[in-house]
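In what follows, a structure is listed as C-alpha cells, so that the remarks can point back to it.
Coordinate-derived values only; no laboratory data. From a predicted model like this one, the values you see are computed outputs, not experimental measurements. Don't worry about glycine lacking a Cβ; one is built from the backbone with ideal geometry, like all the others, and counts go over all protein chains shown.
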C-alpha cells in the first residue's frame, strides 16, 4: 500500500467576516497520485492550498503533510516542510527575474544548503528534462510564457518533494501550450513518484489528473468532467 | 495629451491619492531646495541693496567723487586744482570719519562739509535746522551737528540736545541743531562744518573726499579723463555705483558658494523626484502596458509622467518660495544680512520681495522636477506592452559588463577643469569639476558594483540569504545603480564638506595660535586710533611689561574695482607677533618691505620680491615698496598688508595707534599688569579700552568662524538629509515593489528571517559599495573645495585635515540607513499579506 503524502481530516475554514468557506473537508493523497480540485470562484480553493502549505491555519481539523501534523508545528518548522517536502507551480510563474534559469531552478537546493556546484548540476538535469537545457544561462525575460512555466516545473521538482501544489498552472497559457505543460507536469511528477494537488478552472487541465474533485461548502465531492 | 482628455487627469489624481506620502516627500524636497535658494538670494539682495543705499546716501547725489586711496585722506590742495578744471561746475570738499556718538557708543558716518558748496553739489546731505535753533545762529555755530533720523534713534538723541562725538582718537561736544531730510531711512549719518571736522578731529589740511558737480553736457568719461590729469597717488576717482560694486565683489564669492549649496539641495530634490518617479514607473509598468494596449499613445504616457513631475514642481516651488521668503525674513532679523559672514557690517537691510528672482526659482523648481521625471517618462513611453505584461525584470542585461569609460571620461574632465583658473574671480570650473566628478562617480557605479560583487557571488557562502542578495544586486543592475547613486552623492558631498570645514577650522586654529602669541591684548574702543606717542611711552614703561607692540589698521584702495585692502601698521618682529609666513622674498627689493597676506597676494597677483606701491607716500605720491613675504591670514578676505611701524611713521608722521600686544615679564601676573596699564591710561581713555587674553580671543575667533559657517552647515545638513531621505525612499520603495517575490520565496521555503537577512545584506552591501565610492569621491571633492574653490573664491589656502571619526560615523549612519530601511520595509513586505502576494493567480 502506498504512503499517504497528504491527509486532510474534517478541515473547516471560515473567512474573517464569518462566512464559512467549507467544513468537514476530508482528502487523502497517496504518493504518485494526482488530484485536480475544481470549484467556483470564491469557494476557497486558494485558501485550501494555503492551509495545505502551512501558510494559513484551518479553524478545525487535522492536516498531515508527509506524515507530519501541521497543527503542532511552529512557523519555522512549517517553512522547513515547505522547503523540503513541497514544490509549487504558480499561475504567474514567479521566476526571479535577476537569476538565470539554472540559478532559479537550483534555488530550492541552495535553501537546503546543497553545495552550489551540485545544485547547479542538478538544476541542469531538470532543465534538460523540461527541454531548456541549452538555455540554462538565459534570463527569464528572454523566455515565452510556456517556457517560463517549464522552468517553474523544473524548480518545483528539483529538490524531489513529496507533494506538488499547482495553482492554475495553465491559466496564463494558450490552449496548445497549456496541453503541453500539463502533459509535462503530469509526466514529470509521476516519474519522480510525487503526489500533486492541482487547482484549476480548466476542464482540460483537470482531466490530466487521476481524480477530479469539486470543492463545495460541505467539502470535496467527486466532479464529473 | 489632449487625446486622453480627462483620463490623463484621472490617472494623475489616482496616483496622488494612492501614494500621497511619496509625492509629499518629493514635493517637499523641491520646496526645500527652492526655499533655500530663494532665501539666500533675497537675503543677499536685501543686504546688497542696503549697502548700496548706504553708499549712495553718503555721496549725497554728486556726479563723481574723488576719494582718499587710504584712510589718511589726501592733501586739500587738490581742491583748487579740481575747481580750475573746465569740466567741473562745482566741487564740495568732504572730511569723512567713522565716529562714535553718545553714551551708547553707536557708530555713525560723520561728514564734514562746506555747506555752501554742498548745497549745489550734494544737496541730499544738507541739514534742516530746527525752528528753535534758528537758521542764522546755526549757520554760524561751529559746533552745530545735523543727525539723520536713524542716527538719532539709535542713540536716543533729540534735536536741541548736546552730544559727545569721538573720531580719530579725539572727542568734542556738539549741539544737535537739526536733521538730514535727504538721507535715506536706515542710514546713520551726521554732518558738521568741514573746518570744525578738520580742527577738532586732527584732519587739518586733509580731505577724504571731494564731491563733483560736472558742467552741463560733460560726459562722465570725459570728466574722468580730465580729473585723472590732476589726481595724486593718494586719491582715487570713483562714483557711488563703483563703491556699491566693490561691496558686491567682496561678498560675491560667498554668495555664489551659498547659491551652489542651495542648488545642491535643489538637485538632491530633483534626484528624489527621479527616484520616486522611477519607482513609480517600475511599479506601474504593467498598468502602463495595459494603457498602451488599450490604445493610449506613447507620447501621452510620457506626458502623464512629465505632468506629474510638473505638478510636483509647481506645488513644491510655490511652497518653497513662500518658505524662502519667510526664512529670509527670519535670517535678516536674527542673523543679519551677511548671514553671519561679516560683509555688510553697519547696514540694516530691509526685506525686499524679488519678483524676477521668484519667477526664476519657480522655473528652476519646476524644471528640476520635470527633469527628474524625464528619464522615467521616457522609460514609460518606450515600454513594449506585451513584454511588460510578462514582468520582464531589470531592463539591463546582467550578463553584459557595464562600461567604465563614460565614468572615466567624466572624472578625467573633472580633473582637467580643477586645474583651470577662475572666471571673473568665480571658481566656475571648480564647480563644474565638482559636478562632473560626482556625475562620473555615479556613472561608474554599475561597473564598480559588478567589479566588487562578482568575486563575492562566485564564492559559495552556503548562506542562501547572502547568495540571493548578491545575485539580486548583480542581476538587477539598474535598480541597484539608482540606489547607489543616491548613497554616493550623499556620502560624497557630506564627506567633502566635512573635510573642507575641518581643514579650514584646523588651519584657522593653527593660524590663531601663531598669530596670538602675546600674553595680553589691549584695544581702544571701536578700534579708534587713541594711543598717541606719549601714551605709548607711558604704557611701555608699565611695571611687569616686558615688551609692548602698538599697532593700527587703515583701509586703502589699491585697485578701484576691488574692495579696500587693510594696511596693518606694527613692528614686523616684536612682542606678541609671529607672522605665519608662507613664502619669503629671496633677496630685498627696492623701497619699503611689505608683507602681504595670502588673499592680498592673490587678489593683486603679487609674488615675493615683486614691486608694489602704496598710496600713502609723501606729498600724495605713491610710496615704492616690494613684497618681502606672504603670510597666512583668514581674518581679512579683502587682503591685508603689513608695514613696519617705523617705515609708516617715516612716510606719514602718524603715530596714533589703536591696539597693543603685551608680553608680560616673568613673575608678573596678567591681572596685575592689566590693572597697572589701566592706571596709566590718560583720563579720556579711561573705561574706553578693552583687554583680552589669547585664549579668549581665540575662542571668540573660533566662535565667529562657526557663526559664519552656520548657514553653510545648515544648508549642507539639509542637502544631506534630503539625500538620506532619497536613499531611504529608494530602498524602501524597491523593497515594497518586490512583495510578490517575497511571497514566492516564502512559498518555496525561505523563512521570514532569511528574507529579512537577505534584505539587510542587500542594504549593507549597497551601503558598503556606496560608502566606499562616496568616501573616495568625497575626498576627491574635498581637494577641489580646498585647493580650487576656496582659493579662487576667498583667496586663501589651507592644509587638509581628515575627520576620521566623523567619516566613520557617516559611514555607519549610511550603512545603517540603507540596511535598516531595507529591513523595516521588508518587515512589512514579508508579513502575512506578503505571503499572499502571489494570490493574484489563486
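At-a-glance table
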| read-out | value |
| --- | --- |
| Descending Cα extents along the principal axes, segment B:733-790, whole Å | 58, 18, 11 |
| Packing-based order for A:36-49, B:156-169, using average beta carbon neighbours within 10 Å, highest first | A:36-49, B:156-169 |
| Extended-chain gain in nm, criterion 0.36 nm per residue less alpha-carbon gap, residue B:684 and residue B:77 | 215.2 nm |
| Computed label-point distance, nm, for sites residue B:537 and residue B:800 using a 7 Å Cα→Cβ extension | 5.6 |
| Cβ-derived FRET efficiency at R0 22 Å, residue A:216 paired with residue A:68, nearest 0.05 | 0.20 |
| Gyration tensor (alpha-carbon) shape descriptor, segment A:43-100, a/c threshold 1.5 | oblate |
| Segment B:64-238: C-alpha pair distances exceeding 29 Å, % | 21 |
| CD proxy at 222 nm, helix term only [per DSSP H run n ≥ 4: -39500 (n - 2.57); per residue of chain A; nearest 500] | -11000 deg cm²/dmol |
| Mean Cα-pair separation over length for segment B:64-238, i.e. relative contact order, pairs under 8 Å, 6 or more apart, % | 39 |
| Shielding by other protein chains, B:177-188, mean Cβ within 10 Å | 0 |
| For residues of B:739-748, the mean tally of beta carbons on other chains within 10 Å | 6 |
| Relative contact order (%) - criterion: Cα under 8 Å, at least six apart; region: chain A | 29 |
| Residue B:204-residue B:86 FRET efficiency (beta carbon distance; Förster radius 41 Å; 0.05 resolution) | 0.85 |
| Euclidean distance between Cα centres, segment A:169-225 to segment A:57-91, Å | 21 |
| The protein assembly as shown - share of DSSP beta bridges that are antiparallel (%, nearest 5) | 70 |
| Radius ratio Rg over Rh of the protein assembly as shown, counting only Cα atoms, Kirkwood formula for Rh | 1.16 |
| Sequence-separation-based contact order of segment A:1-80, relative, with Cα cut under 8 Å and 6+ spacing, percent | 35 |
| Segment B:402-456, Cα convex hull volume normalised per residue, Å³ | 58 |
| Global form of segment B:156-213, assessed from the alpha-carbon gyration tensor, a/c cut-off 1.5 | oblate |
| Degrees between helix A:101-111 axis and first principal axis of chain A (Cα, 0 to 90, nearest 10) | 60 |
| Mean shadow area of chain A, taken as a quarter of the surface of its Cα convex hull (nm²) | 12.4 |
| Extension gain, residue B:619 back to residue B:713 (0.36 nm per residue minus Cα-Cα distance, nm) | 28.9 nm |
| Potential lengthening between residue B:561 and residue B:116 on full extension [0.36 nm per residue; Cα-Cα distance subtracted] | 157.0 nm |
| Binned Cα-Cα distances of segment B:520-692, short to long, each 5 Å bin given as a whole percent | 1, 8, 16, 20, 18, 14, 11, 7, 4, 0, 0 |
| Average other protein chain Cβ within 10 Å of Cβ, residues B:465-477 | 3 |
| Per-residue Cβ neighbour rank within 10 angstrom, fewest leading, B:751, B:368, B:229 | B:229, B:751, B:368 |
| FRET E, pair residue A:160, residue B:287, Förster distance 56 Å, beta-carbon r, rounded to 0.05 | 0.90 |
| Residue B:228 versus residue B:578: modelled label distance in nm, points set 7 Å from Cα along the beta carbon direction | 4.7 |
| Estimated inter-spin distance, residue A:77 and residue A:59, nm [label 7 Å along Cα→Cβ] | 2.5 |
| Burial order of peptide ranges B:487-494, A:4-11, B:776-783 (average beta-carbon count within 10 Å, highest first) | B:487-494, B:776-783, A:4-11 |
